[in-house]
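So the structure is just underneath, and the comments pick up after that.
The values are calculated or read from the model by the stated rules, or taken from the named source; none is laboratory data. These numbers were taken from a predicted model, which means no experiment stands behind them. Cβ sites come from the backbone with ideal geometry, for glycine too, and all protein chains shown count toward neighbours.
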Amino acid sequence: MRQQLAAQRDACPKQVIVSSGTCGESRGALEVASALREELARCGLADEVLFRVTGCHGFCEQEPMVIIQPGDILYCHVGPQDAAEIVSRTVVRRELIDRLLYTDPGSGERLCSEMAIPFYAAQDRPLLGQNQKIDPTSIDDAIANGAYSALAQVLATGDPASVIKEITRSGLRRHVGDGLEVGLSWETFRSQTDNEEKYIVCCVDEGDPAAHVDRTLLEGNPHAVLEGMIIAAYVTGASAGLIRLSTEHRLALQHAWLAVDKAREYGFLGTDLFDSDFSFDIDITQKSRAPAGEESVKSVVRTFPGEKLYNRENSRLYDSAEVWARVPGIVEHGASWFADLGFGDCTGTKVFSLSGPIRNKGLVEVAMGMSLRTLVLDIGRGIRNGSKVKAVQTGGPFGGCLPRRMFNVSVDHDSLAKAGSMVASGRIVVMGRETCMVNVAKRSLESLQQESCSKCVVCRETIGAMVEVLTAIVEGQGHPEHLEQLRKLAKACSEPSVCPLGKAASKPVLSTLKYFRKEYEAHIHDGRCPAGVCRDLAR
């Protein structure tokens with residue numbers, strides 16, 4: 001079946017691909033797709049050209065985007081009015097439309113393909129790069145691209161222990177907290193023999209609304225997420241799965257339900273999968289975003305099953321859509337394949353969300369161990385107005401703020417933790433000179449305060465107290481003793497907290513106190529905000 005579907009796809013060498021995740025839709029990608037489809041039909045090319053609307057290709061700054069094959073021709077900021085010209089000149093006559101090509105902000109050069117664009121050239125995208133090859137609403141497209149072949153391999157082998165060993169050898173790590181090894185959590189979960197029914201849970205809500213990593217992956221390649229969950233269920237002894245989405249994830253929910261229904265229809269979910277005695281099914285729940293702290297607590301508890309928090313009866317193995325989607329590739333290509341993707345001792349790749357006043361915003365997938373300098377300056381191309389980067393915050397509000405002088409730090413769990421930050425949601429916020437670092441710490445803690453489940457007294461009270469102190473400082477009512485008070489509160493919050501959220505709450509405060517202490521002192525001693533951001537201290 002797979003060979004037949006792939007052959008049918010390969011029979012159409014000409015392809016028109018429209019990038020349309022949530023970001024693309026918001027910028028008019030569906031209107032562009034409709035105009036292109038109509039133009040191809042009008043020109044009698046509907047049967048000669050393979051037309052595909054896919055998930056996000058990562059370069060959100062340039063949406064709507066269209067790729068023309070053969071030639072890997074990339075057009076940016078395309079509008080419906082460009083459809084006729086794209087079909088007549090590029091699809092038919094293989095001519096380039098200069099005004100639709102990407103313009104490099106540094107050299108001003110027009111670049112016509114993904115790999116010629118620095119944003120893509122510095123990436124390694126075994127996961128995110130699959131999006132342009134798959135229509136997320138078509139299971140046939142997914143199968144032609146290799147979906148469920150790893151599952152078939154696992155069930156045919158019938159050796160769960162070897163799969164866990166391979167996942168462990170790959171070095172795949174979770175991205176909450178300190179980046180625990182996935183293989184270790186699977187082994188611990190598999191060894192549970194308390195006769196409880198086990199569940200595999202996919203958390204699509206990262207606890208950082210601006211990250212979009214897991215949501216985008218589920219939108220663009222839902223069958224990879226399902227396959228990873230099914231494989232994990234087989235090797236750990238789970239009998240059911242759950243995908244948890246937020247109410248605002250409309251497109252991800254739509255694609256997830258369609259994928260689950262089609263997977264059942266094709267026999268990838270249900271009873272006696274691939275004629276084995278293994279049965280597994282997945283349900284989907286949608287609700288308003290739960291506190292990130294609660295999800296993180298569950299993750300920690302499942303890793304250390306001796307702890308019984310909240311008196312939960314059923315055993316659950318939680319992980320993100322990104323982790324589940326990586327499992328099939330590791331099973332199919334081997335642990336060494338994934339491990340070798342990283343730099344040095346780091347293994348694999350990670351999807352990050354680049355944001356802030358930089359030239360190239362979007363989702364990037366890079367080898368773990370890449371330097372912050374390469375990520376921010378080579379891929380992100382620096383600040384839009386040409387000014388210097390002042391700092392970056394990795395891990396969104398959960399992470400610490402690192403100054404420009406630390407741009408040689410490699411982006412991986414251990415290096416970032418040593419520097420006072422973390423990977424967490426994968427969001428990297430780039431900040432220019434006009435950013436007030438005291439205000440950044442305040443806004444980060446306010447975000448964590450909203451995300452906290454508030455069940456731990458220490459976490460709840462210390463985060464609130466730190467917000468009060470930081471508010472006093474930015475409003476011009478800071479005192480010298482506030483600096484030591486902040487440090488003590490941050491330490492008090494991080495050490496006894498049960499979940500990663502509580503432990504992470506100290507990072508925005510401790511990192512800004514360490515690397516940007518002069519800004520705190522200017523607010524307190526001089527009554528001024530060096531960045532000119534705090535209105536009560538404006539002069």
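Set side by side, the residues VAL301, VAL376 differ, and just one is in a helix (DSSP H, G or I), hydrophobic (A, V, I, L, M, F, W, C), buried (at least 19 other Cβ atoms within 10 Å of the Cβ) and modelled with pLDDT under 90, which is VAL301. For the range 253-272, a residue qualifies if it is under 21 Å from the mean Cα position of the chain (by Cα) and within 16 Å of LEU242 (Cβ to Cβ), and the qualifying residues are LEU253, ALA256, TRP257, ALA259. Within the range 26-59, the set of residues being more than 23 Å from GLN123 (Cβ to Cβ) and outside any helix (DSSP H, G or I) comprises GLY28, CYS43, GLY44, LEU45, ALA46, ASP47, GLU48, VAL49, LEU50, PHE51. For the residues ALA150, ALA156, the requirement of being under 19 Å from TYR234 (Cα atoms), crowded, with 18+ Cβ neighbours inside 10 Å and assigned by TED's automatic domain parsing to the domain that holds ASP272 singles out ALA150.
Annotation: of all residues in the range 1-25 being at pLDDT 90 or above and not in a helix (DSSP H, G or I), the one that is farthest from ALA41 (Cα to Cα) is GLY21. Of the listed requirements (1) over 25 Å from ARG125 (Cα atoms); (2) within 27 Å of the chain's Cα centre (by Cα); (3) not aliphatic (A, V, I, L, M), ARG94 misses just one: (2). When the range 382-399 is filtered for residues that are at pLDDT 90 or above and of a type in the set (Lys, Arg), the ones remaining, listed by number, are LYS388, LYS390. If I filter the range 181-203 for residues that are buried (at least 17 other Cβ atoms within 10 Å of the Cβ) and part of a loop (DSSP other than H, G, I, E, B), do I get at least one hit? No, there is no match, as no residue in the range 181-203 is buried (at least 17 other Cβ atoms within 10 Å of the Cβ) and part of a loop (DSSP other than H, G, I, E, B). Does GLU468 satisfy the criteria of being touching a residue at least 12 places away in the same chain (Cβ under 8 Å), under 27 Å from SER425 (Cβ atoms), outside the structural domain of ARG405 (by TED's automatic domain parsing) and acidic (Asp, Glu)? Spelling it out, it is not the case that GLU468 is touching a residue at least 12 places away in the same chain (Cβ under 8 Å), under 27 Å from SER425 (Cβ atoms), outside the structural domain of ARG405 (by TED's automatic domain parsing) and acidic (Asp, Glu).
Cβ-Cβ contacts under 9 Å between residues 6 or more apart (or on different chains), taken from a first residue in the range 250-265 that is loosely packed, with under 14 Cβ neighbours inside 10 Å to a second residue that is charged (D, E, K, R), are listed as ARG264/ASP281. Inside the range 399-429, can you point out the residues that are buried (at least 24 other Cβ atoms within 10 Å of the Cβ) and either basic (Lys, Arg) or assigned by TED's automatic domain parsing to the domain that holds VAL509 (or both)? If the condition is that a residue be buried (at least 24 other Cβ atoms within 10 Å of the Cβ) and either basic (Lys, Arg) or assigned by TED's automatic domain parsing to the domain that holds VAL509 (or both), then ARG427 is the only one that fits. Restricting the range 99-121 to residues that are at pLDDT 90 or above and in a loop (DSSP other than H, G, I, E, B), the residue that is surrounded by the fewest Cβ atoms within 10 Å (Cβ to Cβ) is GLU109.
Residues that are touching a helix residue (DSSP H, G or I) at 6+ places or on another chain (Cβ under 7 Å) and not small (Gly, Ala, Ser) within the range 26-44 comprise GLU31, VAL32, LEU36, GLU39, LEU40, CYS43, listed in sequence order.
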